[in-house]
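Trainee: For reference, the structure I am asking about is given below.
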Amino acid sequence: MKVTYIRHSGFLIEWESCYFLFDYYKGTIPKLEKDKKVIVFVSHKHHDHFNPVIFDLTSDYPDVEFVLSSDISANKITHRAHVVDPGNEYSLTDTMENIILIKTLKSTDSGVAFLIEYLGKTIYYAGDLNWWLWSGESEQYNADMTEMFNQQMEVLKGSSIDVAFAPLDPRQEEYYYYGIEKLLHTASVQYIFPMHFWEKPSIIQRFKRERSDKLQGAKVMDINEEGQTWIIKI
């Protein structure tokens, strides 16, 4: 598969028969092959994860479908959209009629996370499902957040994930690595792409340097610039 970093939490995965586009809001979407299906995933309605311009893709590409979290307002929905709720399973197909199985988790912020099984591979896209601890919040808030996050990690317990995309947010200060590290200790992850680091990709190198003994064998991908691509062999 080919993975392209677009911006913030936006990524494109290219497969032989389709594309997965995740949480586009800014940046350049690469030119896509028109004979492939394009599946656009939106984890929730926040402006840094959802931009209605994604619906313009239907003008250029004949086979586009949208997987939209149910917190996105109804007037944004098109006939090509699948509206999804947390804790459910959904099934799509690519142009070759291969099954794309989508499981949704409940975000600790808004909307959903996606666990996708396709061609014998498993992709996890967290959206804003993260262990959102903040030094300025109350002890009760952080305790409730911990409980909510751990409940969702139980859904992933024992899973084998080939490629994961998860937040690594420097605004959390000393808690910046808690969510992504918990994910790595919950599921067996082969490759992980940090995201939601705003304009500070250096947090990835900090994480690898400070937490190198906690990575559980996962390969943490370095992201340096928009448009960066990787060929992942899994």
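Trainee: Between residue 185 and residue 222, what FRET efficiency comes out of the Förster formula 1/(1 + (r/R0)^6) with R0 = 25 Å and r the beta carbon distance, rounded to 0.05?
Mentor: 0.70
Trainee: Related question: At 25 °C and a viscosity of 0.890 mPa s, what translational diffusion coefficient does Stokes-Einstein give for region 51-133, taking Rh as the Kirkwood radius over Cα pairs? Give it in µm²/s as a whole number.
Mentor: The calculation lands on 176 µm²/s.
Trainee: With the full set of protein chains in place, find how many percent of the accessible area of the chain is carbon and sulfur; take the probe as 1.4 Å.
Mentor: In the chain, the share of accessible area belonging to carbon and sulfur is 45 percent.
Trainee: What is the helix-to-structure angle for 139-156, meaning the angle in degrees between its Cα long axis and the longest Cα principal axis of the chain, kept from 0 to 90 and rounded to the nearest 10?
Mentor: It works out to around 50 degrees.
Trainee: Now for a separate question. Given a 1.4 angstrom probe, what's the average accessible area per residue across region 104-225, in square angstrom?
Mentor: 44
Trainee: From the list [x] 64, 54, 28; [y] 49, 36, 33; [z] 46, 41, 38, can you say which value of Cα extents along the principal axes in Å was derived from the structure given?
Mentor: Calculated Cα extents along the principal axes in Å: the matching label is [y].
Trainee: Any chance you could check the Cα centroid distance between region 184-234 and region 123-139 for me, in angstrom?
Mentor: Value for the Cα centre distance between the two parts: 17 Å.
Trainee: Could you tally the net charge around residue 23, taking each other residue with its Cβ under 12 Å from the Cβ of residue 23, Lys/Arg +1 and Asp/Glu -1?
Mentor: Around residue 23, the surrounding residues sum to +1.
Trainee: Evaluate E = 1/(1 + (r/R0)^6) for residue 59 and residue 90, where r is the Cβ-Cβ distance and R0 equals 25 Å; express this FRET efficiency to the nearest 0.05.
Mentor: 0.50
The values are calculated or read from the model by the stated rules, or taken from the named source; none is laboratory data. Here the structure is a predicted model, which means the values were calculated and not measured. Don't worry about glycine lacking a Cβ; one is built from the backbone with ideal geometry, like all the others, and counts go over all protein chains shown. Surface areas here come from the heavy atoms of the whole protein model, side chains and all, with no ligands, DNA or RNA. Shrake-Rupley method; radii C 1.70, N 1.55, O 1.52, S 1.80 Å.
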